[in-house]
1. Can you pull out every residue in region 91-107 that is in contact (Cβ under 8 Å) with a residue 12 or more places away in the chain, part of a loop (DSSP other than H, G, I, E, B) and out of contact with any Asp or Glu (no Cβ under 8 Å at 6 or more places or on another chain)?
2. Of these, Asp12, Asp81, which one is acidic (Asp, Glu) and more than 22 Å from Phe224 (Cα to Cα)?
3. In region 1-26, which residues are β-branched (Val, Ile, Thr), in contact with a helix residue (DSSP H, G or I) (Cβ under 8 Å, 6 or more places away or on another chain) and not in a helix (DSSP H, G or I)?
4. Inside region 242-264, can you point out the residues that are within 25 Å of Ile187 (Cα to Cα) and either of a type in the set (Val, Ile, Thr) or buried (at least 17 other Cβ atoms within 10 Å of the Cβ) (or both)?
5. Go through region 30-53 residue by residue and tally those that are surrounded by fewer than 20 Cβ atoms within 10 Å (Cβ to Cβ), under 20 Å from Asn83 (Cβ atoms) and more than 15 Å from the chain's Cα centre (by Cα).
6. Restricting attention to region 115-134, does a residue exist that is of a type in the set (S, T, N, Q), buried (at least 18 other Cβ atoms within 10 Å of the Cβ) and either in a loop (DSSP other than H, G, I, E, B) or not assigned by TED's automatic domain parsing to the domain that holds Pro6 (or both)?
7. Restricting to region 1-34, name every residue that is in contact with a Ser or Thr (Cβ under 6 Å, 6 or more places away or on another chain) and within 22 Å of Leu107 (Cα to Cα).
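The values are calculated or read from the model by the stated rules, or taken from the named source; none is laboratory data. Since we're looking at a predicted model, the values are computed, not measured. Cβ placement follows ideal geometry from the backbone for every residue including glycine, while neighbour counts extend to all protein chains displayed.
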Amino acid sequence: MTLPTPQSFFIDDGLYKKYSLTGSSPAHFSSILNGNCTVDAYCIKCKRMSIWQGYTRSFDLKPDQPVDNQERNITFRCAYDNNHIMRFLLVIINNNIFKIGQYPSLLDIANPEVEKYRKVIGDKADELKSAIILHAEEYSIGAFAYIRRVFEFLIDRAENTAKKNTQWIKAKAEEYEKRKNSMPSRIELLKEFLPQQLVEKRSMYASLSEGVHNLAEEECGAFFSSMRIGIIAILDDEIDRRRKVEEEKEFAQAQDEINKLRKN
């Protein structure tokens, strides 16, 4: 396999995947072997997502240099606190590169990142975690299936909410029954109950289904990072949407209390 993006190689992939260095551009080569890149990952010390800047204390390698039988230590520093680090051990054999060690582990990074979404998707957080683990073990078709389940859960929950809303029932329920076999139609008719990011990324469902039914493991693996970023953006938006709803309720309650005091 050809080199993936730094985000995929360092953060999403498990250990011991083999990637060929043949044909890599100088910039791509340097981003992996010299750590000349940034990645997004959960910081287990800050307890939040962060941007990480990579570097190596070794001499920089260039694509025209012989690189076989070498080890590379790549370090990343957290943007919030440069004392917080991630380390990766790489080895190059026969012009192929392998990630053979990392700290923190994939699970150390994935578990806290996923747990924050439990409050908005409940037990489906376990399926998101399963997607990350399956991809790391090179079962990326299964990873696509788990992300699709999370996507479907959000749609199904929005449908249940809509069917309790009198205005929606009067305006859209009949049309919904006619068009509910189409996912784009479901999203369009339920959009007032969905995170905006999901509405904007509605084509993601078709991409996930294509992966589950028609793509090979390697092809799903190449696109997994984008699918992961997409579902995380949707879930972050759902957290913000719920926060705003609660703030509106709190504001309305405060206004009611003030109005009562005025009457007294």
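1. Applying the first criterion (in contact (Cβ under 8 Å) with a residue 12 or more places away in the chain) to region 91-107 yields 91-104, 106-107.
Applying the additional criterion that residues be part of a loop (DSSP other than H, G, I, E, B) yields 94-95, 104.
Passing the criteria: only Pro104.
2. Working: Asp12 fails: more than 22 Å from Phe224 (Cα to Cα).
Selected residue: Asp81, the only one of Asp12, Asp81 that is acidic (Asp, Glu) and more than 22 Å from Phe224 (Cα to Cα).
3. Applying the first criterion (β-branched (Val, Ile, Thr)) to region 1-26 yields 2, 5, 11, 22.
Those left that are additionally in contact with a helix residue (DSSP H, G or I) (Cβ under 8 Å, 6 or more places away or on another chain): 5, 11.
Scanning region 1-26 gives a single hit, Thr5.
4. Correct list: Val245 only.
5. Going through region 30-53 one residue at a time, the tally reaches 6.
6. As a first pass, look at region 115-134 and keep what is of a type in the set (S, T, N, Q): 130.
Filter again for buried (at least 18 other Cβ atoms within 10 Å of the Cβ), leaving 130.
Within this subset, residues satisfying the condition of being either in a loop (DSSP other than H, G, I, E, B) or not assigned by TED's automatic domain parsing to the domain that holds Pro6 (or both) are 130.
Scanning region 115-134, I find at least one residue that is of a type in the set (S, T, N, Q), buried (at least 18 other Cβ atoms within 10 Å of the Cβ) and either in a loop (DSSP other than H, G, I, E, B) or not assigned by TED's automatic domain parsing to the domain that holds Pro6 (or both), so the answer is yes.
7. Scanning region 1-34 gives Pro6, Gln7, Ser8, Asp12.
Condition check ((1) modelled with pLDDT of 95 or more; (2) touching a His at 6+ places or on another chain (Cβ under 9 Å); (3) more than 30 Å from Lys17 (Cα to Cα)) across all residues:
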position	(1), (2), (3)
Glu188	yes, no, yes
Tyr205	yes, no, no
Leu208	yes, no, no
Asn214	yes, no, no
Glu217	no, no, no
Asp240	no, no, yes
Arg243	no, no, yes
Glu246	no, no, yes
Asn264	no, no, yes
